[in-house]
Amino acid sequence: MKKPTEEITPEWWAKAVDVNLSHQFFLTQALLPGLLQAAGTAAVVNMGSITWALPATGVLPYTTMKAAVVGLTRTLAHELGPRGIRVNSIMPGSVATERELRDVMTPEYEKQVLGSQAMKRLIVPAEIARTAMWLCADDSSGMTNQSIRVDGGWT
């Protein structure tokens, strides 16, 4: 839900932090003992968004938290890398999930998305999942501290 800056309350802001950022840090923290046992093959994949890189209004807490995912990823990559744990993030654009198609993807928004992307088709959830799997696989063992944009060339 969009909200002008002057209407954002501390509670609204705190919810944005909880929904978009806190769980990614605390999950990594909780899994750290197991990640350290798997050092050398362990990988963390955070989920961001390209939204913070686009001109947008009414979504300040969301865009701020998604930008923070990049900072979280970079800091964790440098803290955990020497201990054998890779940390990357995925920054999707508009993804044609059931919820997105039902609640967000109006004909006008679809036209905006496709008009902004280099690829003139919708990104599907399986593409995000395959990117996450690749970031966890040995095929990407030399990658850490990266935020991969899966946005059809939007940004």
Residues within the stretch 74-97 that are closer than 28 Å to GLU110 by Cα, among the hydrophobic types (A, V, I, L, M, F, W, C) and part of a strand (DSSP E or B), tallied: 3
Whichever residue in the stretch 73-116 is surrounded by 12 or more Cβ atoms within 10 Å (Cβ to Cβ) and basic (Lys, Arg) and, among such residues, is farthest from TRP134 (Cα to Cα): ARG83
Exactly one of (1) within 24 Å of ILE123 (Cα to Cα); (2) not in a helix (DSSP H, G or I) is unmet by GLY40. Its number? (1)
Taking the stretch 22-46 and keeping residues of a type outside the set (Val, Ile, Thr), more than 14 Å from MET91 (Cβ to Cβ) and buried (at least 19 other Cβ atoms within 10 Å of the Cβ) leaves LEU35, ALA42, ALA43
Out of contact with any helix residue (DSSP H, G or I) (no Cβ under 7 Å at 6 or more places or on another chain) and in a loop (DSSP other than H, G, I, E, B), is that true of THR57? yes
Conditions (1) without any contact (Cβ under 8 Å) to a residue 40 or more places away in the chain; (2) surrounded by fewer than 18 Cβ atoms within 10 Å (Cβ to Cβ); (3) closer than 22 Å to VAL17 by Cα; (4) not basic (Lys, Arg) -> GLY153 fails only (3)
I want to confirm something. Restricting to the stretch 105-155 and keeping residues that are assigned to a loop (DSSP other than H, G, I, E, B) and polar (S, T, N, Q), which single residue is nearest to ALA53 (Cα to Cα)? THR155
Identify, by number, the condition in (1) part of a loop (DSSP other than H, G, I, E, B); (2) loosely packed, with under 14 Cβ neighbours inside 10 Å that SER49 doesn't meet. (2)
Of all the residues that make up the stretch 106-130, how many are in contact (Cβ under 8 Å) with a residue 40 or more places away in the chain and either of a type outside the set (Val, Ile, Thr) or in contact with a His (Cβ under 9 Å, 6 or more places away or on another chain) (or both)? 0
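No value in this document is a laboratory result; all are computed from the given coordinates. Only a predicted model underlies this, so the values are computations on that prediction, with no experimental measurement involved. Note: ideal-geometry Cβ built from the backbone for every residue, glycine included; neighbour counts use all protein chains shown.
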